[in-house]
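Working notes, structure below.
The values are calculated or read from the model by the stated rules, or taken from the named source; none is laboratory data. On a predicted model such as this, the values are computed, not experimentally measured, just so you know. With ideal geometry, Cβ positions are generated from the backbone for all residues, glycine too; neighbour counts draw on all protein chains shown. Heavy atoms of the whole protein, side chains included, go into the accessibility calculation; ligands, DNA and RNA do not. Shrake-Rupley method; radii C 1.70, N 1.55, O 1.52, S 1.80 Å.
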Amino acid sequence: MGASPSFPVVSLPRERIVVVTGGNTGIGYETAKHIAMMGATVIIACRSEQRATDAIKRMNEDYEQIKAHGKLEEGHINEDKLPVEFMKLDLASLKSTMDFIEAFKSSGRKLHVLLCNAGLAATEREITDDGYELHFQVNYLGHFLIVAHLLPIMKTSGDDCRIVFTSSLAHKFARFNLDKAQAKNPSDFNNLRFYGNSKLYQIQHMFSLLRRQHGEHVTVTSFHPGAVGTELARDYTRRRFYSVLMGAMSALRITRTPFQGAVTLVDAAVNPAKKGLNGVYLVDCKPASMSNDARNEKYQEELWTYTLECLKQYLPEDVLSALGGPSS
Ligand SMILES: NC(=O)c1ccc[n+]([C@@H]2O[C@H](COP(=O)([O-])OP(=O)(O)OC[C@H]3O[C@@H](n4cnc5c(N)ncnc54)[C@H](OP(=O)(O)O)[C@@H]3O)[C@@H](O)[C@H]2O)c1
């Protein structure tokens, strides 16, 4: 057995801007807090202002405890408050996603690190107001739209910019079939498979993006955090079987804590040794194997074309051309 994975604590300038989608709880919460403790400005992009505000308060309380117990490390800031901010983002709505994008653009800020972390695991088939299956839109499509619009900012934000997708081992249980991607026929819906599909799409997105990057300094990686005891299974815990299963896994310490689940994400975001690392799926901070579907270039390109069609109303010509045309 190797040592537990960990990330280095590095001193980050306040001007380094990090966006964490879904930073108000779980893996995103721990990630946002630990990166802010290193000094960077962290923006948690969340659907609920109340939950985000509460989370920022809790982060500062955690930080106070760390300081009070003398646990600050070299590289941590020693200040009154953590540099964490909130921006509104509901990935289940393309309008809200565009509002977030426009608000970020009009702030005139740079963007160095984009952590596409928010996600859900629903038990029932649900179609958003935009007409897409919920996992597809929240876990994948909304993040695609953000990347498409904010990549030009990242490309001019200086050296060592990074995008990280929070994927999952569940991508290995996916079945790539875009004809059924929206579960138009309700009998096509299978909760675990649709969750897995959305996590597969994130890895495919990583590859398609990189094919169009042509040596730019924005790196793109993905990772699996392990089985983590977070609120992800909140829908499932309403079902007795899952509730018992999760309780047993937690008691047997099969599940990781949110902090342990965040380690690979923080490492991918800040570790100087990961500078320039591209196109990998990390598990415990190390490149790991992906499914054949994830690596299948034809599938990746089919998804890319399909996605551009889904988002055509939201991707003007300048954004499309900056994103890169057909892969070369
Ligand atoms: N936990 C695991 O075992 C595990 C394993 C593999 C991968 N992952 C992935 O890890 C990521 C983080 O999940 P977690 O385990 O930390 O779960 P979590 O505690 O439920 O956190 C998920 C985050 O996503 C946000 N979110 C959900 N729907 C959203 C929407 N429509 N718009 C914006 N934000 C939304 C949630 O916001 P609210 O609080 O407002 O709902 C929350 O901040 C997810 O992508 C998940 O798929 C988790």
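Counting only DSSP beta bridges with both residues in the chain, tell me the antiparallel percent, nearest 5.
10 percent
Over the chain, what is the mean sequence separation of C-alpha contacts under 8 Å (at least six apart), divided by residue count, expressed as relative contact order in percent?
20 percent
List the lysines whose alpha-carbon lies under 23 Å from that of residue 180, not counting same-chain residues fewer than 8 positions away?
Within the straight-line limit of under 23 Å, residue 180 reaches these lysines: 172, 199, 298, 312.
With 10 Å bins from zero, work out the P(r) of region 1-67 over every alpha carbon pair and list the percent per bin.
21, 49, 25, 5, 0
Of all GluC sites (Glu not before Pro) in region 263-328, which ones are in loop regions per DSSP and have a Cβ with at most 16 other Cβ atoms within 10 Å? Provide the component values of the computation, followed by the final result.
Numbers: sites: 297, 301, 302, 309, 317; in loops: none.
Answer in residue order: no site qualifies.
For the chain, give the percent of accessible area contributed by carbon and sulfur heavy atoms, probe 1.4 Å, rounded to a whole number.
For the chain, the apolar C and S fraction of the accessible surface comes to 51 percent.
At 1.4 Å probe radius, can you tell me the per residue accessible area of the chain in Å²? Write down the numbers at each step before the final one.
Numbers: 14730 Å² over 328 residues.
With all protein chains present, the chain gives 45 Å² per residue.
Please list, ordered by chain and number, the residues whose modelled amide H lies under 5 Å from the amide H of residue 223; skip anything fewer than 5 residues away on the same chain.
Placed amide hydrogens put 165, 167, 282 under 5 Å from residue 223.
Please compute one quarter of the surface area of the Cα convex hull for the chain and express it in square nanometres.
Working: hull surface 67.1 nm².
For the Cα atoms of the chain, the hull's average projected area reads 16.8 nm².
Taking θ as phi - 60°, what are the ³J(HN,Hα) couplings along region 132-143 by the Karplus curve (6.51, -1.76, 1.60), each to the nearest whole Hz, with x for Gly and Pro?
Along region 132-143, the couplings run 10, 4, 4, 4, 4, 6, 6, 7, 10, 4, x, 5 Hz.
Using the structure shown, select from 88/274; 33/71; 67/155 the pairs with a Cα to Cα distance greater than 25 angstrom.
Long pairs (Cα-Cα over 25 Å): 88/274; 67/155.
What fraction of the DSSP beta bridges in region 1-151 is antiparallel, stated in percent and rounded to the nearest 5?
Values: 1 of 15 bridges.
Counting DSSP beta bridges with both partners in region 1-151, the antiparallel share is about 5 percent.
Hey, if you drop one equal point scatterer on each alpha-carbon of region 121-198 and run the Debye formula without solvent, what base-10 log of I(q)/I(0) do you get at q = 0.16, 0.21, 0.28 Å⁻¹?
Per q value, in the given order, log10 I(q)/I(0) is -0.65, -0.93, -1.37.
Could you list the GluC sites (Glu not before Pro) in region 1-69 that lie in coil according to DSSP, counting only those with at most 13 other Cβ atoms within 10 Å of their Cβ? Mind showing how you got there, number by number?
Details: sites: 15, 30, 49, 61, 64; in loops: 15.
Passing both the DSSP loop test and the Cβ count: 15.
Which of the GluC sites (Glu not before Pro) across region 70-146 are loop residues per DSSP, with 10 or fewer other Cβ within 10 Å?
The qualifying sites are 73, 124.
Return an integer: the convex hull volume of the alpha-carbon atoms of region 11-109, in Å³ per residue.
85 Å³
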